[in-house]
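Right, one structure below, let's go through it.
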Amino acid sequence: AVQEWFCGRSLPAISLGSVYDGIPMPSIDTDYRSMGRHAAGVFLRHGHRRPAWIIPEANHAGDLETEQSFIGTFRESGNKTAPCRVIRHGESSADLIQKLSAVLSAKDRPTAFFIVNRLATTAIVTELYSRGLRIPRDISLISRDYDQSLEWIRPSIAHYVPPVRRIASGICRLVSEIAGSGVARQQHIRIIPEFCQAESVAAVP
């Protein structure tokens, strides 16, 4: 709605973040599609064929881009074991754990989790250990979003490092362009982050 408001009034604006389909606004953000493809590739290389994608119900544009590429990569791989589970949770850890419980109790429970929210990552790690499940022996895990708290978790959690400096440089160029001409070119700059492998990903036992 915010993006549509600016576009509807022809105001010069830049989205620091992904834009939704049909929004003609220049933007700069992390390359979420590449992250989804890469995470799926990491799991596939380790033999995982029962993944789960864990995402907040808010469904931000970047989250949906990640979802499409992550699930799409498994589908394109010819994976016939089981479809990728999608777990959408509310803002509370209680809601997340409630929805996670049914998945963990299933006979064909996922062997790998790709998680959006960094706080959700912490909640899931503690929930898995409370159930006697070990990372990565029983379940491999990648956190899409980074937070310093991840550095205090053991085993260390695989994650992506946001390209903050490159995004800052890109947004400055776009702002200068608008300041100089009053308009910005219709471009969507996407920057691929660095992947930190860490200890939370292993081959399926």
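The values are calculated or read from the model by the stated rules, or taken from the named source; none is laboratory data. Worth saying up front: this structure is predicted, and the values here are computed from it rather than measured. Backbone-built Cβ (ideal geometry, glycine too); neighbour counts: all protein chains shown. Side chains are part of the model used for accessible areas, which takes the heavy atoms of the whole protein and leaves out ligands, DNA and RNA. Shrake-Rupley method; radii C 1.70, N 1.55, O 1.52, S 1.80 Å.
Determine the pairs where a residue that is farther than 13 Å from Arg45 by Cβ, located within the range 192-205, has a partner that is of a type in the set (S, T, N, Q) with Cβ atoms under 7 Å apart, the partner being 6 or more residues away or on another chain.
Filtered contacts from the range 192-205: Ile192/Ser34; Pro193/Thr30; Ala198/Ser156; Glu199/Ser156; Ser200/Ser140; Ser200/Ser156.
Could you grab me the full set of residues in the range 159-183 that are among the hydrophobic types (A, V, I, L, M, F, W, C) and in contact with a Leu (Cβ under 7 Å, 6 or more places away or on another chain)? Before the answer, list the steps.
Initially, the range 159-183 is screened for residues among the hydrophobic types (A, V, I, L, M, F, W, C), giving 161, 164, 167-168, 171-172, 174-175, 178-179, 183.
Within the range 159-183, just Ile171 meets the criteria.
Considering (1) over 24 Å from Glu177 (Cβ atoms); (2) open to solvent by 80 Å² or more (accessible area, probe 1.4 Å), say which one Gly72 fails and leave the rest.
Failing condition for Gly72: (2).
Could you identify the single residue in Gly41, Gly22, Gly47 that is modelled with pLDDT under 90 and either surrounded by fewer than 18 Cβ atoms within 10 Å (Cβ to Cβ) or touching a Pro at 6+ places or on another chain (Cβ under 9 Å) (or both)? It would help to see each step written out before you state the result.
Working: Gly41 fails: modelled with pLDDT under 90; Gly47 fails: modelled with pLDDT under 90.
Gly22 is the lone residue from the list that is modelled with pLDDT under 90 and either surrounded by fewer than 18 Cβ atoms within 10 Å (Cβ to Cβ) or touching a Pro at 6+ places or on another chain (Cβ under 9 Å) (or both).
From (1) open to solvent by 50 Å² or more (accessible area, probe 1.4 Å); (2) part of a loop (DSSP other than H, G, I, E, B); (3) among the hydrophobic types (A, V, I, L, M, F, W, C), pick out the condition that doesn't hold for Ile135.
Only one criterion is unmet by Ile135, namely (1).
Within the range 1-111, considering only helices (runs of 4 or more DSSP H) that don't extend past its boundaries, which have at least 3 residues that are touching a residue at least 24 places away in the same chain (Cβ under 8 Å), under 26 Å from Pro163 (Cβ atoms) and in contact with a Phe, Trp or Tyr (Cβ under 6 Å, 6 or more places away or on another chain)? Lay out the reasoning, then the answer.
On the way: elements: 2-8, 32-45, 61-76, 93-105.
So the answer is 32-45, 61-76.
Return the pairs, sorted by first residue and then second, in which the second residue is part of a loop (DSSP other than H, G, I, E, B), the first residue lies in the range 131-149 and is among the basic types (Lys, Arg), the beta carbons are less than 8 Å apart, and the residues are 6+ apart or on different chains.
Cβ pairs passing all conditions: Arg137/Ala202; Arg137/Pro205; Arg144/Val116.
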